[in-house]
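Below is one structure, written out as structure tokens; comments come after it.
The values are calculated or read from the model by the stated rules, or taken from the named source; none is laboratory data. In this text the structure is predicted, and so the values were computed from the model without any measurement. Every residue, glycine as well, gets a Cβ built from its backbone with ideal geometry; the counts of neighbours run over all protein chains shown. To get the accessible areas, we keep the full protein, side chains included, count just its heavy atoms, and leave off ligands, DNA and RNA. Shrake-Rupley method; radii C 1.70, N 1.55, O 1.52, S 1.80 Å.
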Amino acid sequence: HVEVQPRLMHDGCELGLTLVRSALGLQVHPRVSIWGGYAWVPRTLGRGVQHEQRAWEQLLLTPPVKNRWVSTVRLRVEQRW
């Protein structure tokens, strides 16, 4: 899994930061999966660019389907440096 999320600030006219996140996941049950990954977050808002590193873990739970709707619960813990 790889994702890129640009975050706009000041009414959408300035790029404040961008998240570049990668992960590996394992489905341990039809409705439960565990994930772990790394994120690189360059912050461009303010003076200069600050590079933030993040390691993270995630538990993804999908309750049974109810009336054709499916919800998902995501619990994520991140360590930043």
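Can you tell which of 32, 70, 41 shows the greatest fluctuation in a Gaussian network model of the chain with Cα springs below 10 Å?
Among 32, 70, 41, the largest GNM mean-square fluctuation belongs to 70.
Which net charge results for the neighbourhood of residue 37, defined as the other residues with beta-carbon distances under 11 angstrom from its beta-carbon, given Lys and Arg at +1 and Asp and Glu at -1?
Surrounding charge for residue 37 is 0.
If I ignore ligands, DNA and RNA and count only protein heavy atoms, how much of residue 80 is accessible to a 1.4 Å probe, in Å² to the nearest 10?
The accessible area comes out at roughly 140 Å².
If you place +1 on the Cβ of every Lys and Arg and -1 on the Cβ of every Asp and Glu, how big does the dipole about the Cα centre of the chain come out, in debye to the nearest 20? If you can, show how the numbers build up before the last one.
Numbers: 11 positive and 6 negative charges, 55 e Å.
Its charge dipole is roughly 260 debye.
To the nearest 10 square angstrom, how much accessible area does residue 78 have with a 1.4 angstrom probe?
For residue 78, solvent-accessible area is about 60 Å².
Give me the percent of the accessible area of the chain that comes from carbon and sulfur atoms, probe 1.4 Å, all protein chains in place.
Looking at the chain in its full context, I get 59 percent from C and S.
With a 1.4 Å probe and all protein chains kept in place, how do 61, 24, 19 rank by accessible area, largest first?
Reading off the accessible areas and sorting them downward yields 24, 61, 19.
Among 38, 77, 4, whose Cα lies farthest out toward the positive end of the dipole of the chain, if unit charges sit on the beta carbon of Lys, Arg (+1) and Asp, Glu (-1)?
Ranked along the dipole, the leading option is 77.
Counting C-alpha atoms alone, how compact is the range 34-73: give Rg to one decimal and Dmax as a whole number, in angstrom.
17.2, 51
Starting from the alpha-carbon convex hull of the range 2-46, give the projected area averaged over all orientations, in nm².
4.2
Out of residues 5 or more away from residue 16 or on other chains, whose amide H comes under 5 Å of its own, with H placed 1.01 Å from N in the peptide plane?
When sequence neighbours closer than 5 places are left aside, the close amide H contacts are 7, 8, 9.
Please calculate how many Å² of accessible area the chain carries per residue, with a 1.4 Å probe and no DNA, RNA or ligand atoms counted.
76
At a probe size of 1.4 Å, how large is the accessible area of residue 51, to the nearest 10 Å²?
Spelled out: residue 51, probe radius 1.4 Å, area about 110 Å².
When the Karplus curve 6.51 cos²θ - 1.76 cosθ + 1.60 is applied with θ = phi - 60°, which whole-Hz ³J(HN,Hα) does each residue of the range 28-41 get, with x for Gly and Pro?
Each residue of the range 28-41 in turn: 9, 7, x, 10, 9, 9, 10, 9, x, x, 9, 10, 10, 10 Hz.
Once the Cα gyration tensor of the chain is found, what semi-axes does its equivalent ellipsoid get, as square roots of 5 times the eigenvalues, in whole Å, sorted largest first?
31, 17, 9
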